[in-house]
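Peer 1: After the structure tokens below, expect a handful of questions from me.
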């Protein structure tokens, strides 16, 4: 192989996760850049790392003007990608990628209890849990990178999450339960409320010590995520924890109306009409140091009932006992992080089987060139002629022999023609399989 023709994998991004459909599959875009290889064939293979089913080798197409673009349909799981450039049947260069996933993409939105802290309690990271390790105080779309990585105790969760917080344990449980990778985005803004978000989308300026209306805050974090990342990755659900900061500025009806306006604006603006939105039920304890959020909790229930795609999220009553003797009964301590994450995971898993997300939006240059044919070779012959078919072949041969012995030559030729036709379609003697997903699969 020549060093000056090593291909570059432009897409997919390393460690990205693409949202799967209700059949546990997703089209994964592939964009290969390769110089000095015009007309060469691009062959890709996706090999399972955790979960998934092997696909490939698949001939994606030929290098034209230094690029080859297409897509491959993958089953939920994590994969290693190998790209080979071939000329005259020989591999002349290659490139690889350690992980690319098909699974769940989750967006978090809310106030400080959703945003969390950088306190490191995520001591059992799962490599299937991913984020963009980036935290930007302005959350400007042009600054947000496409550099995905596995979540660690020191990772941030773009665009606004300072650490893994409760969302690491949350995603760990999803990955273990669903058997697929999970990509997280945290857009929560500490100190914010629904009323401020409502004012931003309705162009009503407000003054605040650190939430800057002129920067589009606090809605800018969600807006940037839904406009920059989600078209590329797809999305499974939005988890919202808002309300306690609206307790002194809104009645139950005002809170409900403004919350619904924010959700309607979000669904309409970003074309997410049926995306599941899970909404937390606030609780701030009882007795000494408690905060009365009963009208806000009722308002959250009203919002949940306003749209069939809205669902109950984490119910904070479950953490009341743990916070009983604290002065602050709103915020969480590190000992609460895992429990809070599991509340969200349980709420999500309760609706996951009856809902679906939105897939990535692929440009036509990718979606119009879906690699469906696995290249036939002795290494994957079992994918085309399964061992279980041996008995069928023996029976067909027996039929042909019997017809020849009986001197019934025309029926024998017909059977032989049918066998040859089926074999040609099956193993690619005439052509590689079309209109069928690659079947060289492993668990």
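Peer 1: Of the residues 324, 298, 284, 314, only one is touching a strand residue (DSSP E or B) at 6+ places or on another chain (Cβ under 6 Å) and touching a residue at least 12 places away in the same chain (Cβ under 8 Å); which?
Peer 2: 314
Peer 1: With respect to the numbered conditions (1) assigned to a strand (DSSP E or B); (2) surrounded by 21 or more Cβ atoms within 10 Å (Cβ to Cβ), which one is the sole condition not fulfilled by residue 80?
Peer 2: Looking at each condition in turn, residue 80 falls short on (2).
Peer 1: Specify which of the listed residues (176, 188, 171) is assigned to a loop (DSSP other than H, G, I, E, B), farther than 13 Å from residue 121 by Cβ and either modelled with pLDDT of 95 or more or touching a helix residue (DSSP H, G or I) at 6+ places or on another chain (Cβ under 7 Å) (or both).
Peer 2: 188
Peer 1: Condition (residue is touching a residue at least 60 places away in the same chain (Cβ under 8 Å) and crowded, with 18+ Cβ neighbours inside 10 Å) applied to segment 207-215: is it met by at least one residue?
Peer 2: Looking for residues that are touching a residue at least 60 places away in the same chain (Cβ under 8 Å) and crowded, with 18+ Cβ neighbours inside 10 Å, one finds none in segment 207-215, hence no.
Peer 1: Any residue at all in segment 89-103 that's touching a helix residue (DSSP H, G or I) at 6+ places or on another chain (Cβ under 6 Å), part of a helix (DSSP H, G or I) and within 23 Å of residue 10 (Cβ to Cβ)?
Peer 2: no
Peer 1: Here are 58, 16: which of them is in contact (Cβ under 8 Å) with a residue 12 or more places away in the chain, surrounded by 22 or more Cβ atoms within 10 Å (Cβ to Cβ) and farther than 27 Å from residue 145 by Cα?
Peer 2: Of 58, 16, the one residue that is in contact (Cβ under 8 Å) with a residue 12 or more places away in the chain, surrounded by 22 or more Cβ atoms within 10 Å (Cβ to Cβ) and farther than 27 Å from residue 145 by Cα is 58.
Peer 1: Continuing with this model, one more query. Name the single residue, out of those in segment 62-77 being under 24 Å from residue 15 (Cα atoms) and more than 17 Å from the chain's Cα centre (by Cα), that is surrounded by the fewest Cβ atoms within 10 Å (Cβ to Cβ).
Peer 2: Per the stated criteria, the residue is 67.
Peer 1: Now for a separate question. Tell me which residues, restricted to segment 216-233, are in a helix (DSSP H, G or I) and crowded, with 17+ Cβ neighbours inside 10 Å.
Peer 2: 220, 221, 222, 223, 224, 225, 226, 228, 230, 232, 233
Peer 1: If you don't mind, another one. If you scan segment 23-38, which residues turn out to be modelled with pLDDT under 95 and surrounded by fewer than 21 Cβ atoms within 10 Å (Cβ to Cβ)?
Peer 2: Of everything in segment 23-38, those that are modelled with pLDDT under 95 and surrounded by fewer than 21 Cβ atoms within 10 Å (Cβ to Cβ) turn out to be 35, 36, 38.
Peer 1: Does residue 249 satisfy being within 21 Å of residue 196 (Cα to Cα), in contact (Cβ under 8 Å) with a residue 12 or more places away in the chain and in a loop (DSSP other than H, G, I, E, B)?
Peer 2: So residue 249 fits the description; yes.
Peer 1: Next up: Determine which member of the set 145, 164, 127 is in a loop (DSSP other than H, G, I, E, B), out of contact with any helix residue (DSSP H, G or I) (no Cβ under 8 Å at 6 or more places or on another chain) and surrounded by fewer than 17 Cβ atoms within 10 Å (Cβ to Cβ).
Peer 2: 145
Peer 1: If residue 142 satisfies all but one of (1) more than 20 Å from residue 230 (Cβ to Cβ); (2) outside the structural domain of residue 8 (by TED's automatic domain parsing); (3) out of contact with any strand residue (DSSP E or B) (no Cβ under 6 Å at 6 or more places or on another chain), what's the number of the condition it fails?
Peer 2: So the condition that residue 142 fails would be (1).
Peer 1: For segment 191-206, how many residues are in contact (Cβ under 8 Å) with a residue 60 or more places away in the chain and assigned to a helix (DSSP H, G or I)?
Peer 2: Count: 5.
The values are calculated or read from the model by the stated rules, or taken from the named source; none is laboratory data. Keep in mind the model is a prediction, meaning the values are calculated, not measured. Cβ coordinates were reconstructed from backbone atoms using ideal geometry, including for glycine residues, and neighbour counts include every protein chain displayed.
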